[in-house]
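Accompanying notes for the structure given below.
The values are calculated or read from the model by the stated rules, or taken from the named source; none is laboratory data. All values reported here derive from a predicted model rather than from experimental measurement. FYI the Cβ positions are ideal-geometry reconstructions off the backbone, even for glycines, and counts take in every protein chain you see. The protein model used for the area step is the full one, side chains on, heavy atoms only, and it has no ligands, DNA or RNA in it. Shrake-Rupley method; radii C 1.70, N 1.55, O 1.52, S 1.80 Å.
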Amino acid sequence: MSCTVKDLGAYRVAWMHFEQSAILTVHTHVITRNPRISVSHDNLRTWFLHIRDVQKEDRGRYMCQINTANAKTQIGYLHVVVPPSISDTQSSSDVIVRENANVSLSCAASGSPDPVVKWKRADNSTININKTLAVTEWEGTRLELTRISRVDMGDYQCIASNGVPPTMSKRIRVSVDFPPMLQIPHQLVGAPLGSSVTLECSTEAHPISLNYWTREKEMIHESHKYHADTQRADVPYKSHMTLEIRNVAQARAHPTSVGSNHRKLDE
């Protein structure tokens, strides 16, 4: 900071921090014990107050004063900007909830000026606030989700920005638990004798269910006759099961089923 004076004569220039009621320097002497403060001048005309490694507490009004009978003063303001930060301890962490429950996520951000907090999904899909309101972005320190469903499962990001780089973000994973469910695209399948046939079954569950095929209540194991395979879908709770039956032979009717603790999605 600079303060230019004329005809100083025998008078002295002092610098003060108004909010702290602290005298920082008088003439060429540093009064404060703050080691980051120093003073210099240009032939006693322009006086400079130097603050090294500026901290948040340095903000406020600074007064340049000449010790005349009626003190002459000039006041300037130092505004210290601070990039945003997010407190992990005061913000939500990863959560696991049952389907149809309500979820409340919080994001505690600080900085100067006060940061704006916005929420987004990491995959850029919509945020379902409730059954009638879906948004791509939500502003506020809290994100309230009503009657959450499996499609709401995933990573949510709270992003804090105040115009001072860098922008900060925190990722919170929301997991939604629900019991296993099955969907069978073809419940009746036919195949010529001696050929191979593939049975299909789609499952939804979280946590991931233990899936298997049975025949007459006995679990089917990998063999020259049977080959079972499970493929995970692009969402964490879906999978697709197949069972290949080789060299189909005629036999009495034995229903083959897929096993797990489940209920059907549709009939």
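Details
- Counting only lysines at least 8 places from Lys170 when in the same chain, those with an alpha carbon closer than 17 Å to its own are Lys118, Lys120.
- Charge dipole (the range 191-255, unit charges on Cβ, about Cα centre) - positive-most of Asn211, Ala228, Gly194: Gly194
- GluC sites (Glu not before Pro) within the range 183-253: DSSP coil, no more than 15 neighbouring Cβ in 10 Å: Glu216, Glu222
- Applying a 4.7 Å Cβ-Cβ cutoff to the chain, the cysteines left without a disulfide-compatible partner are Cys201.
- Here the convex hull built on the C-alpha positions of the range 60-212 has a volume of 169 cubic angstrom per residue.
- For the chain, the Kirkwood estimate of hydrodynamic radius, built from reciprocal distances between every pair of different alpha carbons, is 25.2 Å.
- Trypsin sites (Lys or Arg not before Pro) restricted to the range 140-198 and DSSP loop, no more than 16 other C-beta within 10 Å: Arg147
- The mean sequence separation of alpha-carbon pairs under 8 Å and at least six residues apart, normalised by the residue count of the chain, gives a relative contact order of 13 percent.
- Whole-number percent relative contact order across the range 21-120, with pairs defined as alpha carbons under 8 Å at least 6 apart: 16
- Net dipole in debye of the range 63-185 [+1 Lys, Arg Cβ; -1 Asp, Glu Cβ; about Cα centre; nearest 20]: 140
- Stokes-Einstein D for the range 132-256, Kirkwood Rh over Cα pairs, 10 °C, 1.306 mPa s (µm²/s): 85
- Proximal aspartates and glutamates to Lys6, defined as alpha-carbon separation beneath 13 angstrom and excluding residues fewer than eight positions away on the same chain: Asp42
- Placing unit charges on the Cβ atoms only, positive for Lys and Arg and negative for Asp and Glu, gives the chain a dipole magnitude near 760 debye about its Cα centre.
- Entry comment: accessible area of the range 58-151 is 59 Å² per residue, from protein heavy atoms only and a probe of 1.4 Å.
- Vicinal HN-Hα couplings computed from phi for the range 137-143 (Karplus, 6.51 cos²θ - 1.76 cosθ + 1.60; Hz; Gly/Pro x): 8, 10, 9, x, 7, 10, 10
- Value of relative contact order over the range 1-69, rounded to a whole percent, pairs C-alpha under 8 Å and six or more apart: 40
- Annotation: Val164 carries an accessible surface of approximately 30 Å², with a 1.4 Å probe and no ligand, DNA or RNA atoms counted.
- Among Tyr77, Tyr156, Tyr11, the largest mean-square fluctuation in a Gaussian network model of the chain, built with springs joining Cα atoms closer than 10 Å, belongs to Tyr11.
- Percent carbon-and-sulfur accessible area, the chain, ignoring ligands, DNA and RNA, probe 1.4 Å: 49
- Along the axis of the charge dipole computed for the chain (Cβ charges of +1 for Lys and Arg, -1 for Asp and Glu, origin at the Cα centre), the listed residues Asn70, Asn128, Phe48 are led at the positive end by Asn70.
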